[in-house]
Structure formats: structure tokens, C-alpha cells
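Shown next, in C-alpha cells, is the structure this report addresses.
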């Protein structure tokens, strides 16, 4: 069996909570399945990476396409309630936290270095949201030579149609698109 790591992407209050400034409609609905997968990885002492977004309060490090909205209503600012991982998925001290300010969990982060140090060969990915951070991280993982499994019912999007289109695309490049039950 290949060494695996779980990547939980952007499950932060500012993206998940219904009244959050950047709420992704499908985010709340995937928490329970992410919890199941997280518990399975924890029980086997497999590496868990919580990949989260953080931006400086002045917006100087956010993508230019998001700057206008951010300046009106800042989100994912370090040390705010919104930047924290949702309570149900709170990281343990032994788990890794990767801070990113771009879509991909690999871009300008130490994620690839850490995965290689841990001799990880397969990434199991879940979180939010499909067309942005999930997709960018999955495609970069494939490009860097990892086998990637996407947990389809533990990953959310604003609509089911968006989710289905992205699952189809990812399957076409060799991503294993599986349900929580199958992964467990």
C-alpha cells in the first residue's frame, strides 16, 4: 500500500458558516463525511494536512481578482474567527497546517517538501470548493507525480452541476473519484 496523506482544503469559518462573507453553499453538507475520513486517518496515524487560506488585512497578498470584494468585506485574516477551521474539524497538534494565499495548496507553500519528507505517494483530497482550490491542488498534485484520490461526497461546490463537471474533468486526468464509503 502506498503512503497516503489526507488534504482537507479551506474548511474555514469564512467559507463554511452560512452567514460567512464567502460562504460556499455546499460546504456545510460535506462536514460529516470529512469527519469520517479524518477519524479514519487519525486512527491509523496517517498524516493529515489542513490547508487553509490567510490574507493580510490590507489585502496586499490576495489574488487581484478577489481584491475588490476583499477590501469591502475582509475574510480569512489571521487570528480572526473566520480564519479558523470549523469546530468539527479542528486540527490536532500533531496534524499539519499549510497556509496558502492562492488556489493551489502547493503554490508557494512547503506542502510538496513535507509530503516528500513523509514519503507520501497518494493524496486523498476533500474540502471546498471544486472549481477553485480543490481543482488547482488536485491538478498540481498530479503534475508533481502524486496519485490523487478525490472524495466526491466530502468535497463541496456552490452547485451540484459545478461539482459534477469538475469530477468529470478530474477523472479524465487519472484522479480516483470515490465516495467516502469506498475510501474508508
Exercise. Filter segment 4-21 down to the residues that are at pLDDT below 95 and touching a helix residue (DSSP H, G or I) at 6+ places or on another chain (Cβ under 9 Å), then identify the one that is surrounded by the most Cβ atoms within 10 Å (Cβ to Cβ).
Key: 20
Self-check item: Test: residue in segment 63-77 that is buried (at least 18 other Cβ atoms within 10 Å of the Cβ), at pLDDT 95 or above, in contact with a strand residue (DSSP E or B) (Cβ under 8 Å, 6 or more places away or on another chain) and part of a loop (DSSP other than H, G, I, E, B)
Solution: yes
Exercise. Could you tell me whether any residue of segment 96-114 is at pLDDT 95 or above and more than 30 Å from residue 57 (Cβ to Cβ)?
Key: no
Exercise. Would you mind stating whether residue 30 is touching a residue at least 40 places away in the same chain (Cβ under 8 Å), touching a strand residue (DSSP E or B) at 6+ places or on another chain (Cβ under 7 Å) and in a helix (DSSP H, G or I)?
Key: yes
Practice problem: Scan segment 166-184 residue by residue and report those that are free of Cβ contacts under 8 Å to residues at least 12 places away in the same chain and either in contact with a strand residue (DSSP E or B) (Cβ under 7 Å, 6 or more places away or on another chain) or farther than 19 Å from residue 33 by Cα (or both). | Solution: 168, 171, 172
Quiz item: Which ones in segment 33-44 are in contact with a helix residue (DSSP H, G or I) (Cβ under 8 Å, 6 or more places away or on another chain) and without any contact (Cβ under 8 Å) to a residue 60 or more places away in the chain?
Solution: 35, 38
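The values are calculated or read from the model by the stated rules, or taken from the named source; none is laboratory data. Note that the structure is a prediction, hence the values are computed from the model and not measured. Heads up, the Cβs are rebuilt from the backbone with ideal geometry, glycines too, and the neighbour counts pull from every protein chain shown.
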